[in-house]
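Peer 1: Attaching a single structure in structure tokens format; questions to follow.
The values are calculated or read from the model by the stated rules, or taken from the named source; none is laboratory data. The shown structure was predicted, so the numbers you read here are calculated from the model rather than taken from an experiment. No Cβ is skipped: glycine too gets one built from the backbone with ideal geometry, and neighbour counts run over all protein chains shown. Protein only, heavy atoms only, side chains kept; ligands, DNA and RNA dropped before computing areas. Shrake-Rupley method; radii C 1.70, N 1.55, O 1.52, S 1.80 Å.
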Amino acid sequence: MAENTTEVLVGGAVLAVAVGFAFYAAQATGLSASNSGYPLTASFRSLEGVSVGTDVRLAGVKVGTVTDVALNADTYRAETTVAIRDGIRIPDDSAIVISSEGLLGGNFVEISPGGSPFYYAEGDEILDTQGAVSLISLLMKYVGSGGGAE
């Protein structure tokens, strides 16, 4: 009987640790039960390396996530929806850019704030966009041009 009690206690401890780890992982990755925030939309020429769940950052701080990506069949542009945390106000002359974390790092969406005294409201579209720059395209242009100045 003592062996069964020990097994139940150890199993309970393992289960508690697993639940705690899952909770920590959800918090660390930005997953949460609440969907607080407001949506903004933007249209990009190239959304390479960005998908649903990608971070949206302002001054290097995560302020939201990409919540939807779709191709506009008429303009052939990537229509994107981002959710910005409540309490973060974005000036209405801000730009939204696809940035890279480094040479081998992933891409993220960066907001470059403007200086306007007016702010985007829920559902507004950010018009000043800059798509992803392909490293392969840049290398091909460099190689194709003869490698620089002679």
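Peer 1: I want to confirm something. Restricting to region 73-87 and keeping residues that are open to solvent by 40 Å² or more (accessible area, probe 1.4 Å) and free of Cβ contacts under 8 Å to residues at least 40 places away in the same chain, which single residue is nearest to residue 110 (Cα to Cα)?
Peer 2: 79
Peer 1: If you check residue 43 against the conditions, is it modelled with pLDDT under 85 and within 23 Å of residue 92 (Cα to Cα)?
Peer 2: For residue 43, the condition - modelled with pLDDT under 85 and within 23 Å of residue 92 (Cα to Cα) - is not met.
Peer 1: Working only within region 90-135, note down all residues that are more than 12 Å from residue 64 (Cβ to Cβ), of a type in the set (D, E, K, R) and touching a residue at least 24 places away in the same chain (Cβ under 8 Å).
Peer 2: 92, 93, 122, 124, 125, 128 - these are the residues of region 90-135 that are more than 12 Å from residue 64 (Cβ to Cβ), of a type in the set (D, E, K, R) and touching a residue at least 24 places away in the same chain (Cβ under 8 Å).
Peer 1: Out of the residues in region 120-131 that are open to solvent by less than 80 Å² (accessible area, probe 1.4 Å) and assigned to a loop (DSSP other than H, G, I, E, B), which is modelled with the lowest pLDDT?
Peer 2: That would be 131.
Peer 1: Considering only region 74-119, how many residues are touching a Pro at 6+ places or on another chain (Cβ under 8 Å) and either farther than 15 Å from residue 57 by Cβ or modelled with pLDDT under 90 (or both)?
Peer 2: Result for region 74-119: 8.
Peer 1: From (1) at pLDDT 90 or above; (2) within 12 Å of the chain's Cα centre (by Cα); (3) outside any loop (DSSP other than H, G, I, E, B), pick out the condition that doesn't hold for residue 52.
Peer 2: Evaluating residue 52 over (1) at pLDDT 90 or above; (2) within 12 Å of the chain's Cα centre (by Cα); (3) outside any loop (DSSP other than H, G, I, E, B) leaves (3) as the failure.
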